[in-house]
Amino acid sequence: MTAFDSSSLPPEAPIEAVVAVAPGLTWGERLAPFLANKLAVLGAFLTFFFLVVACIGAAIMFVPGWSDLYIDQRLRETLLRPLSPGFPLGTDQFGRDMMWRIAAGTAVSLFTGLAVTIISMFFGMILGALAGYAGGIVDRVISAFIDLVWGFPVILVAVIFVGALKPGLTAVILAISVVNWAGFARIVRAQVISLKERAFIEAARALGVPSWKIIVRHLVPNMLGTSLVMASYYIAVTVIAEAGLAFIGLGAQPPTPSLGQMISEGRNFLYVNPWVAILPGMTIALIVLGLNTLGDGLRDIFDPHLRRS
Amino acid sequence: MARTIVYRSLYAVLLLIAASFLVFYGMRLAPGDVAEVLASHPTGQMTVERIREDLGLNRPVFVQYGTYMRELLSGNLGVSLVTGEPISEILRTSASYTLRLAVLAFLLSIGLAIPLGALAAWKRNSLFDQGTMLIAVIGMGIPNFFLAVLLIQLFTVRLGWLPVAGYETPKHIIMPALVLAAEALAINLRVVRSSVLEELGRDYVRTLKAKGLSNRRILWLHVLRNSLPPVIALAGIMMRTLLGYTLIVETIFRWPGLGYQLVNAVLKRDYTVAQTLAILLTAAVIIFNALADLLQQWADPRTRGKAGA
């Protein structure tokens, strides 16, 4: 398994050869531990399935005329149970089709997850790499910022942001990013600190390669695997946080559909038709399960040393 | 250790000042003129000028911050701009509710996790072990707000045993405490189980067995005591996480604690209450972080001397 780690390469290997994450392995060999892990395959399948659902959801939200599918109210057909004729997943309290509403809500959830994760990865990687590479006072200042926000309860930060802005997706995305970048920065900083002692980085420095080029060409490619693993976990965390905030009324506001908001509204109709709350809840649980198990599988590929206990 | 405590406390004070200023400044960025928003509030009886004067909104932000903190520290918290109730009064009642809920959830998560986790490790791979780990997977995989809906569906709608929300009787605290404890319980279960498993493989266990001690004595007296440091190290982080979750759980169950009051104040744009509660909860998080660090070092002497890194 150590073959995945560039440290096991002979020190005289040319610099360029060390850049790839798993040199000398075919894709089949790389994917083997992933395919052997049944849960990881399930995770990949679930994630792919919900990505397709999200694309359909985004399409019905943005293609003119299609939005009737999830917005149209039929007041004669409210709170139908799943498997009713014409409504595979039933209808909500306004007679809106649950299937299309869940698709649109999934699109909003995954969009939020991706947006937050891209923003936090961008800032986390830059600041983390800078802190780890530069060291000294730069490291101390950035580390203090990381300490300040890392591990801060996302919900509390989001509530403060909503107080400063107004309830809605923008405040939610900003708030979760403000906390999550520190998670990336911590890991990237630690990785850079250990990588920069490696022979191939020292060799590049000795050859006079400029710092920015070392970071871009050598450090970043070596960190992509870990970052991908972290990204899948962080998207899951973000999906939960977004839904939680929408649930208590601080997230996406109607008419923007959101799974958390659907659960919250469905709560009032548990006696009539509990499915209006349970189906969107199950959707969130399955999205999170898919992303987490996918993350576990990816970690086995990129980071065999870092198995969860 | 004494030096570590002093160093970590000073660092916490620095973070407290920075964070409280950020929250204070953030609330000042609220959209629109706060004074006008407040004056137009149906229950408010104050004029725009009066509010500006009261809040000192016409002075520079640093001066405002200084005045605010001086008042805050001397216990003069002002009044709610929506209800006119003194904030100190709101704080006193809601803090006692949050404390009751959080302490119960904390005790529940630790008190159940230690015996169940230890037994699961002792009877490794038994049905009991698998059942316990299933609880752990559910507790970590289902978002707390969805767990709340499922519990309401079961205990209120189906069985009619527990009230759906509120705080009037002792029964009202059961569901919020369970939901709040769920994730911490799941994490603690896994930590206790793996820590006990690790201890069971050590030499002294074999020695004790050879001496003829009963299995029960070995597990509950010797192994368990040695397995606790990781749980203690986690306790600080658990408190911080629980504090963040109170915002969601209290809102779901309309439990009138600090989290519920803060979310409500933000939604009603009750600016003074939101600001004070946000700063106090932020301070609590920073204090818990410092405590978590110190607990970690006390529980695991190997990490001593690396304070605040």
field: Residues whose placed amide H lies under 5 Å from that of A:Ser84, excluding near-sequence neighbours
entry: A:Gly90
task: Name the lysines eligible as straight-distance cross-link partners of B:Lys268: C-alpha to C-alpha under 17 Å, and not fewer than 8 places from it in the same chain.
output: A:Lys166
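Calculate how large, on average over all directions, the projected area of the Cα convex hull of chain B is; give the answer in nm² to one decimal. Can you show the working numbers first?
Details: hull surface 81.2 nm².
Quarter of the Cα hull surface area: 20.3 nm².
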query: On average, how many beta carbons from a partner chain sit within 10 Å of the beta carbon of a residue in B:237-248?
result: 4
- line: Once amide hydrogens are built 1.01 Å from N within the peptide plane, the residues lying 5 or more places from B:Val79 or on another chain with amide H under 5 Å from its amide H are B:Ile87
- request: Could you line up A:Thr78, B:Thr132, B:Thr67 from fewest to most neighbouring Cβ atoms inside 10 Å?
  value: B:Thr67, A:Thr78, B:Thr132
query: Among B:Ile173, B:Ile17, which comes first, second and so on when ranked by fewest other beta-carbon atoms within 10 Å?
result: B:Ile17, B:Ile173
- prompt: Which value at 222 nm does the protein assembly as shown reach when only helices count, each DSSP H run of 4 or more adding -39,500 (n - 2.57), with the total divided by all residues and rounded to the nearest 500 deg cm²/dmol?
  reply: -23000 deg cm²/dmol
Overall dimensions of the stretch A:127-186 as given by Cα atoms, namely Rg and Dmax in Å: 13.2, 40
task: Sort B:Ile237, B:Ile5 so that the residue with the fewest other Cβ atoms within 10 Å of its own Cβ comes first and the one with the most comes last.
output: B:Ile5, B:Ile237
- request: Return the lysines within reach of B:Lys123: Cα separation strictly under 21 angstrom, same-chain partners fewer than 8 residues apart disregarded; answer none if there are no such residues.
  value: B:Lys209
task: Go through A:Ala182, B:Ser74, B:Ala12 and say which Cα lies farthest out towards the positive end of the charge dipole of the protein assembly as shown; charges sit on Cβ, +1 for Lys and Arg, -1 for Asp and Glu.
output: B:Ala12
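Taking every residue in B:99-107, how many Cβ atoms of other protein chains lie within 10 Å of its Cβ, on average? Numbers along the way, then the final one.
Working: counts 0, 0, 0, 0, 0, 0, 0, 0, 0.
Average per residue, whole number: 0.
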query: How long are the semi-axes of the ellipsoid equivalent to the stretch B:172-309, from square roots of 5 times the Cα gyration tensor eigenvalues, in whole Å, largest first?
result: 40, 19, 8
For residues of B:265-277, the mean tally of beta carbons on other chains within 10 Å: 3
- line: In whole percents, the bins of 10 Å from zero upward hold the Cα-Cα pairs of the protein assembly as shown as 3, 14, 23, 26, 20, 10, 3, 0, 0
- line: Residue ranges of DSSP H helices in chain B that stretch 24 Å or more (Cα, own long axis) and have mean Kyte-Doolittle hydropathy of at least -1.0 are B:2-28, B:87-122, B:174-200, B:229-252, B:271-299
message: With the alpha-carbon atoms as the only input, what is the per residue convex hull volume for chain A in Å³?
response: 162
- prompt: How long is the stretch B:100-260 along each principal axis, judged by its Cα atoms, biggest number first, in Å?
  reply: 56, 32, 27
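Each reported figure results from applying straightforward, stated rules to the coordinates on display, with no laboratory input. Here the structure is a predicted model, which means the values were calculated and not measured. Every residue, glycine among them, receives a Cβ derived from its backbone with ideal geometry; neighbour counts consider all protein chains shown.
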